[in-house]
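The values are calculated or read from the model by the stated rules, or taken from the named source; none is laboratory data. In this text, all values refer to a predicted model and were calculated from it rather than measured experimentally. FYI the Cβ positions are ideal-geometry reconstructions off the backbone, even for glycines, and counts take in every protein chain you see. These area figures cover heavy atoms from the full protein model, side chains too; ligands, DNA and RNA do not enter into them. Shrake-Rupley method; radii C 1.70, N 1.55, O 1.52, S 1.80 Å.
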Amino acid sequence: MTPNPRQAQLLEEVQARGSITVEALAEKLNVTLQTVRRDVQRMADAGLVARFHGGVRVLSSTTENIAYRQRQSLNADGKAAIARLVAGRIPDGCSLFLNIGTTIEAVARELLRRKGLRVITNNLNVAMILSDNPDCELIIAGGLVRSRDRGIIGEATIDFMRQFKVDIGLIGISAIEADGTLRDFDYREVKVARTIIDHSRETWLAADHGKFNRPAMVELARLSHIDRIFTDRLPPDPFPALLADAGVECEVALA
């Protein structure tokens with residue numbers, strides 16, 4: 001399913017809290033209990049949330065991400081705000097890595113009128129977006145195309161990325177856990193992202209608020225490996241302290 005705006009808001013509330021009662025959701029969304037129960041059932045059937053007696057919680061799966069089409073519609077306003085903020089920090093004449101993720105694709109849309117950029121990407125969606133910018137030199141990595149989201153992964157991708165050293169490596173992520181680890185679901189994607197970190201003078205992370213306190217299987221890096229994080233809400237505890245200890249600059253976008 002593709003969540004409607006009310007269901008997307010419901011999912012954001014669940015992600016922000018971890019778990020929440022049906023009554024609290026009804027009050028927050030200003031709808032009836034019956035409407036909330038119906039939405040929760042549909043979203044549980046689609047694998048977006050997990051139900052328990054009287055409430056709903058985030059999925060605890062560490063092995064599989066939410067489907068790409070569903071991720072596109074989740075917190076679209078927050079991702080757009082992050083994208084505007086990130087794009088505003090990227091100077092013209094800059095070299096960039098852009099990797100996989102719907103937030104990264106939102107950033108690419110905000111770069112369409114920028115000049116003198118050189119962008120290296122392992123994301124065919126990013127490449128399609130930025131191909132409309134005649135003032136952007138676009139380089140696409142080779143490798144295995146992951147059909148569900150058009151990400152390019154694998155050893156050939158890693159070998160290709162190792163040729164470059166860019167000003168900014170901009171990465172997305174699926175999960176930031178409370179121990180300060182950045183995590184994702186596909187080890188092949190993670191290996192490419194690690195290469196991006198190693199071959200960037202600065203590493204920026206774009207992650208909406210739903211990524212905090214979310215589990216995923218494969219460790220990509222730790223907060224100390226990035227320089228800036230861009231998000232759409234103040235991170236919950238314990239992340240402000242973790243970011244400060246790691247020396248990471250946190251910028252919060254206003255939707």
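Assorted remarks:
- If you go through the range 166-188 and keep only what is over 23 Å from residue 252 (Cβ atoms) and in contact with a helix residue (DSSP H, G or I) (Cβ under 9 Å, 6 or more places away or on another chain), you end up with 166, 188.
- When residue 173 is tested against (1) hydrophobic (A, V, I, L, M, F, W, C); (2) touching a residue at least 40 places away in the same chain (Cβ under 8 Å); (3) over 29 Å from residue 245 (Cβ atoms), only condition (3) is not met.
- Among the residues of the range 226-242, the ones that are in a strand (DSSP E or B) and open to solvent by 10 Å² or more (accessible area, probe 1.4 Å) come to 1 in all.
- Taken together, the residues in the range 34-63 that are open to solvent by less than 40 Å² (accessible area, probe 1.4 Å), over 30 Å from residue 184 (Cβ atoms) and not in a helix (DSSP H, G or I) amount to 1.
- Residue list for the range 6-33, restricted to those being open to solvent by 30 Å² or more (accessible area, probe 1.4 Å), touching a helix residue (DSSP H, G or I) at 6+ places or on another chain (Cβ under 9 Å), assigned to a helix (DSSP H, G or I) and over 21 Å from residue 176 (Cα atoms): 6, 23, 24, 28, 33
- The residues of the range 114-134 that are among the basic types (Lys, Arg) and closer than 22 Å to residue 158 by Cα amount to a single one, 118.
- Residue in the range 208-225 that is open to solvent by less than 70 Å² (accessible area, probe 1.4 Å), modelled with pLDDT of 95 or more, β-branched (Val, Ile, Thr) and in contact with a helix residue (DSSP H, G or I) (Cβ under 6 Å, 6 or more places away or on another chain) present: no
- Among (1) open to solvent by 10 Å² or more (accessible area, probe 1.4 Å); (2) part of a helix (DSSP H, G or I), the one test that residue 192 misses: (1)
- Tabulated pairs, the range 146-165, first aromatic (Phe, Trp, Tyr), second open to solvent by 10 Å² or more (accessible area, probe 1.4 Å), C-beta under 8 angstrom, 6+ apart or interchain: 160/142; 160/143; 164/95; 164/199
- Conditions (1) at pLDDT 75 or above; (2) within 22 Å of the chain's Cα centre (by Cα); (3) in a helix (DSSP H, G or I); (4) surrounded by fewer than 20 Cβ atoms within 10 Å (Cβ to Cβ); number of the one not met by residue 70: (1)
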